[in-house]
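Reviewing the structure listed below.
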Amino acid sequence: MQPAGPARIACSLRKTIKESEMNIVRITMGALVVASLAAHLHSAQAQTPEVHRTDLASHDLSVPGREGIQVRVDFDRGAFAPKHSHPGEEIAHVLQGTLEYRLADQQPVRLNAGESLFIPAGTPHSARNVGTGQASELATYIVTKGAPLVVPGK
């Protein structure tokens, strides 16, 4: 049996207030979930490992049409340099960390700090930081003067 008069109004008002409070709670919880997801996505994007290149030197060589270029390449932990090639030879010397190189269809080659690798002209290759921290290489190129240094792989 429902209460009559003022008691009925008070009961109805309490029910309305409770529903309003629940709606506020639902809206607040929804906003918190959205904010949490946005923060998680932002931090995941901020943590994407990158490869950073610093050009160090570039000089014409005594061989006509050729130039020598030296570059420092820094790899964040887990960073990957996708398949590419160069219009000339490359000698990669690992300065820090551990890098894994894949040349054309050959087995992967893993180099630690202090080790070097010769990469023939036009050979498609990739590199990945497989160590537990930063990795860096000193790349020396003998390439065709004026040609793009990096040719994306296919």
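So here's what we get for this one:
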{"quantity": "Lone qualifier among Pro49, Pro120, Pro124 - being modelled with pLDDT of 95 or more, in contact with a strand residue (DSSP E or B) (Cβ under 9 Å, 6 or more places away or on another chain) and loosely packed, with under 14 Cβ neighbours inside 10 Å", "calculated": "Pro120"}
{"quantity": "Search result, residues across region 83-127 that are among the charged types (D, E, K, R) and outside any loop (DSSP other than H, G, I, E, B)", "calculated": "Lys83, Glu89, Glu90, Glu100, Arg102, Arg110"}
{"quantity": "Single unsatisfied condition, Ala147 versus (1) out of contact with any Lys or Arg (no Cβ under 8 Å at 6 or more places or on another chain); (2) not in a loop (DSSP other than H, G, I, E, B)", "calculated": "(2)"}
{"quantity": "Any hit, region 52-64, residues being surrounded by 14 or more Cβ atoms within 10 Å (Cβ to Cβ), modelled with pLDDT of 95 or more and under 21 Å from Thr123 (Cβ atoms)", "calculated": "no"}
{"quantity": "Criterion: in a strand (DSSP E or B) and out of contact with any helix residue (DSSP H, G or I) (no Cβ under 6 Å at 6 or more places or on another chain) - qualifying residue of Gly133, Gly68", "calculated": "Gly68"}
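The values are calculated or read from the model by the stated rules, or taken from the named source; none is laboratory data. Source: prediction; values computed, not measured. Don't worry about glycine lacking a Cβ; one is built from the backbone with ideal geometry, like all the others, and counts go over all protein chains shown.
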